[in-house]
Amino acid sequence: MENRKVKFDSHTNLLQLEEHMYPLVDVKTPNVFHNLFPYEEVPKIAFNDRIVPHHMPDEIWITDTTFRDGQQSRAPYTTEQIVRIYDYMHRLGGPKGKIRQCEFFLYSKKDRDAVYKCLEQGYEFPEITSWIRASKKDFELVRDMGLKETGILVSCSDYHIFYKMRMTRKEAMEHYLSVVRECLEIGVSPRCHLEDITRADIYGYVIPFCLELMKLSKEYQIPIKVRCCDTMGYGVNYAGAVIPRSVQGIIYGLMVHAGVPSEMIEWHGHNDFYKAVSNSTTAWLYGASGVNCSLFGIGERTGNTPLEAMVFEYAQLRGTLDGMDTTVITEMADYYEKEIGYHIPSRTPFVGSNFNVTRAGIHADGLLKNEEIYNIFNTQRFLNRPAMVAVSNTSGLAGIAHWINSYYRLPDEKKLTKDMPLVSMVKEWVDKQYEEGRVTVITDNELVKVIDESCKKLSIALV
């Protein structure tokens, strides 16, 4: 104990006692934590009330897996679509490159053509990285294409090590380290994807493995990133929850016990238990600089952490967008709907057609009086999406007035109030629809037609 070093922590400005070193625990039988993950029951969230401190890094950012994990769950994008989306990512990330990286497959000629086309754009950010099979031939392909970094799959739970790879922990670690060394030998920076980390033995396997990775990084003077992959979405952000489900516990262990710097730690979440966004934010709060996302959360099973969500999480945590152009999010959503043919559920935050649309008449009345009452922020400014009211039998005069003002984007001096004749005339038509048995919301096209006819009868013009 007396030989452990005392060192100064520049982040906390406190003296710290060097932590205990954790050797590999090479078990004979797998530890699959059936006490937490009984397959015939709902998984359990247990607590031991061991609390770790917040450790927000000096700089945080977003990385993207739209063209890798996002493409595993849908029809492949065309080269032209990939380039267009990559252009959007560059604009969204802004001059400071808050969308730091995009990762690509390199398996096929089409994959590689897309990478070449994106490289031709000449952007510093998002940096193009790859995800490949762990072979020397593929490492050389990464180098020859001029990429500096690649992802490597290093599954870390006993579920994968024993049941999928048919290895022991020691055999798996030796195999992974040899693959990482091959990557380093040709000057490519490895990004180790710790698959299924939220079901892994953190102190018996993950920490010892990451200690060895940091030794290799120091030996070769090449950065090695660690991506924490919550492959099944089991991670939780509750204070005092036990590992391996505790997000903050995992990040703390990597930083403090394995010596992985914040800028080398990334969180990759899945949304199986609706926790992708909260877990990614927690990873930032407790020391990971990077969170890995996909556009609109498109990914395996329930999807990944939505990239657009983390843009607004960033702004809420930092108090600034740091140059990110959030109106691009709406452009991307339109592109997916109209050009790619991907349907975004209407109530999806920030991008769904109804995300800032209210139907209740009392809410519409509030919006008409002051938009701040029922709109999350100035959606017109940040997303080029004015707050809207869907017209139905509950909308009332206020709802119809607000719909007209928003749809036609009337300036303040021309905005309608609920006591104007045009509004009353449209409401009479709406009421008649429902009196005759209608049960659906009135469509935009129907309203435009009725408004045009009413304006002619009243001899007025809206615009």
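The values are calculated or read from the model by the stated rules, or taken from the named source; none is laboratory data. On a predicted model such as this, the values are computed, not experimentally measured, just so you know. Cβ coordinates were reconstructed from backbone atoms using ideal geometry, including for glycine residues, and neighbour counts include every protein chain displayed. When the accessible area is computed, the model is the full protein with side chains, heavy atoms only, and any ligands, DNA or RNA have been set aside. Shrake-Rupley method; radii C 1.70, N 1.55, O 1.52, S 1.80 Å.
Within region 376-387, is even one residue over 30 Å from VAL351 (Cβ atoms), of a type in the set (Phe, Trp, Tyr) and in a helix (DSSP H, G or I)?
No, there is no match, as no residue in region 376-387 is over 30 Å from VAL351 (Cβ atoms), of a type in the set (Phe, Trp, Tyr) and in a helix (DSSP H, G or I).
Give SER459, SER406, SER454 a once-over and let me know the one that is open to solvent by less than 80 Å² (accessible area, probe 1.4 Å), among the polar types (S, T, N, Q) and more than 37 Å from the chain's Cα centre (by Cα).
Just a single option satisfies the conditions, and that option is SER454.
Got a sec? Which of ILE329, ILE344 is assigned to a loop (DSSP other than H, G, I, E, B), in contact with a helix residue (DSSP H, G or I) (Cβ under 7 Å, 6 or more places away or on another chain) and either free of Cβ contacts under 8 Å to residues at least 24 places away in the same chain or at negative phi (or both)?
Going through ILE329, ILE344 in turn, just one is assigned to a loop (DSSP other than H, G, I, E, B), in contact with a helix residue (DSSP H, G or I) (Cβ under 7 Å, 6 or more places away or on another chain) and either free of Cβ contacts under 8 Å to residues at least 24 places away in the same chain or at negative phi (or both): ILE344.
For LEU211, work out the one condition from (1) over 26 Å from LYS137 (Cβ atoms); (2) buried (at least 17 other Cβ atoms within 10 Å of the Cβ); (3) out of contact with any Gly (no Cβ under 9 Å at 6 or more places or on another chain) it doesn't fulfil.
(3)
Quick check on region 147-157. Is at least one of its residues part of a helix (DSSP H, G or I) and in contact with a Pro (Cβ under 9 Å, 6 or more places away or on another chain)?
No.
If we scan region 281-289, do we find a residue that is crowded, with 19+ Cβ neighbours inside 10 Å, in a helix (DSSP H, G or I), touching a helix residue (DSSP H, G or I) at 6+ places or on another chain (Cβ under 9 Å) and of a type outside the set (A, V, I, L, M, F, W, C)?
yes
Looking at region 134-175, which of its residues are under 20 Å from GLY204 (Cα atoms) and either free of Cβ contacts under 8 Å to residues at least 40 places away in the same chain or open to solvent by 50 Å² or more (accessible area, probe 1.4 Å) (or both)?
The answer is LEU153, HIS160, TYR163, LYS164, MET165, ARG166, MET167, LYS170, GLU171, ALA172, GLU174, HIS175.
Restricting attention to region 19-52, which residues are buried (at least 16 other Cβ atoms within 10 Å of the Cβ), over 15 Å from SER157 (Cα atoms) and not hydroxyl-bearing (Ser, Thr, Tyr)?
If the condition is that a residue be buried (at least 16 other Cβ atoms within 10 Å of the Cβ), over 15 Å from SER157 (Cα atoms) and not hydroxyl-bearing (Ser, Thr, Tyr), then PRO43, VAL52 are the ones that fit.
For the subset of region 232-257 comprising residues that are without any contact (Cβ under 8 Å) to a residue 60 or more places away in the chain and either touching a His at 6+ places or on another chain (Cβ under 8 Å) or not in a helix (DSSP H, G or I) (or both), which member is farthest from ASP201 (Cα to Cα)?
Among those that are without any contact (Cβ under 8 Å) to a residue 60 or more places away in the chain and either touching a His at 6+ places or on another chain (Cβ under 8 Å) or not in a helix (DSSP H, G or I) (or both), it is ASN237.
Taking region 300-323 as the search range and keeping residues that are open to solvent by less than 10 Å² (accessible area, probe 1.4 Å) and either in contact (Cβ under 8 Å) with a residue 40 or more places away in the chain or acidic (Asp, Glu) (or both), which one is farthest from THR65 (Cα to Cα)?
Only one residue fits best here, namely TYR314.
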